[in-house]
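The block underneath contains the structure these notes are about, expressed in structure tokens.
Bear in mind these aren't lab numbers, they're just calculated from the coordinates by the rules spelled out. Just so it is clear, the model here is predicted, and its values are computed rather than measured. Glycine also receives a Cβ, built like all others from the backbone with ideal geometry; neighbour counts cover every protein chain displayed.
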Amino acid sequence: MDESVRAAKLIGTKVQRPRQQVEDQVKAAILSGTLRSGERLPGELELAHQFGVSRTTVREALRSLATQGLIEKSPGAGGGSFVRSVDQSSLRSVVSDSVHTLLTLGSIKFEEVAVVRQHLEVPSVRLAAAHRTEADLAELRGILELQKSISVEDPRVPTLDEQFHGTIARASGNRVLASFVSALHVQTEPVHYLDLSPEVGRTTVRQHQRVVQAIADQDADASAEAMTEHLTYLREHLLAYYRKQ
């Protein structure tokens with residue numbers, strides 16, 4: 001082999017496409033704080049001028065950044081591209097949107113999401129038992145009272161169920177865990193698909209009561225056992241629904 005070839009060093013890197021360069025530089029500006037949450041980006045024409053590229057290239061870069069949850073587009077005269085607020089709510093939204101897309105495309109199965117949700121909610125309720133506040137308990141008990149007082153046909157049932165599980169997740173004190181639990185709960189939407197007979201409704205509320213009592217007692221083992229029983233019950237009914245489809 002020629003000595004000059006063997007001794008050659010790698011000194012170059014792959015030249016990025018203009019779109020990728022625009023995307024990376026805008027992303028860097030967001031992550032560094034140069035562009036702050038809620039700040040409006042310059043218009044497409046101005047960005048094209050700054051980067052020395054076409055508006056189409058800028059548009060493609062912005063579309064990719066929006067998909068990543070870093071910016072959002074607002075229509076209208078006062079609209080444009082704005083930096084999204086990067087907090088746990090944003091994380092929840094990104095995870096929820098991604099899971100929804102994968103479920104819609106058939107890339108993942110509903111059962112997979114339901115199982116992961118259970119694996120996250122059990123440690124979540126354990127942490128809630130350790131870290132819950134009196135305000136958390138008051139919120140959970142208020143939700144329970146409403147659940148006991150309404151019929152299974154009431155349109156508030158799905159929202160109350162989401163609030164119940166979301167409150168427990170927040171009470172865990174771990175915002176990342178809470179974001180994932182909430183996102184997966186939204187996508188599995190348990191009570192939308194259950195055969196909500198009065199008996200199923202009563203069983204669900206009784207299970208919720210046991211979960212709340214264990215959290216109030218700060219009994220991590222009991223809370224995990226109660227949550228596992230509840231989520232297993234839900235998953236069995238949900239799988240039965242999907243098998244009929």
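For 157, 176, 125, 181, the sequence from fewest to most other C-beta atoms within 10 Å is 176, 157, 181, 125. Summing +1 for each Lys or Arg and -1 for each Asp or Glu among the other residues whose beta-carbon sits under 10 angstrom from that of residue 235 gives -1. For the range 30-174, relative contact order (Cα pairs under 8 Å, six or more residues apart, normalised by length) works out to 19 percent. Here the simple spin-label model places points 7 Å from the Cα toward Cβ, and for residue 130 and residue 197 these points are separated by 4.1 nm. Quantify how much of the Cα-Cα distance distribution of the range 89-244 extends past 21 Å, in percent. Roughly 42 percent, once rounded to a whole number.
If exposed trypsin sites (Lys or Arg not before Pro) are those in a DSSP loop with at most 14 other Cβ within 10 Å, what is the longest stretch of the chain that has none? That gives 157-245 as the longest site-free run.
The GluC sites (Glu not before Pro) of the range 124-163 that meet both conditions, a loop assignment by DSSP and at most 14 other Cβ atoms within 10 Å of the site Cβ, are 153. Summing +1 for each Lys or Arg and -1 for each Asp or Glu among the other residues whose beta-carbon sits under 10 angstrom from that of residue 83 gives +1. Using the Cα coordinates of the range 18-83, the gyration tensor eigenvalues translate into equivalent-ellipsoid semi-axes of 16, 15, 11 Å, sorted from longest to shortest. Helices that extend 15 Å or more along their long axis by alpha-carbon positions and average at least -1.0 on the Kyte-Doolittle scale are, among the DSSP H runs of the chain, 18-32, 55-67, 88-105, 110-131, 134-149, 157-171, 175-188, 198-216, 220-244.
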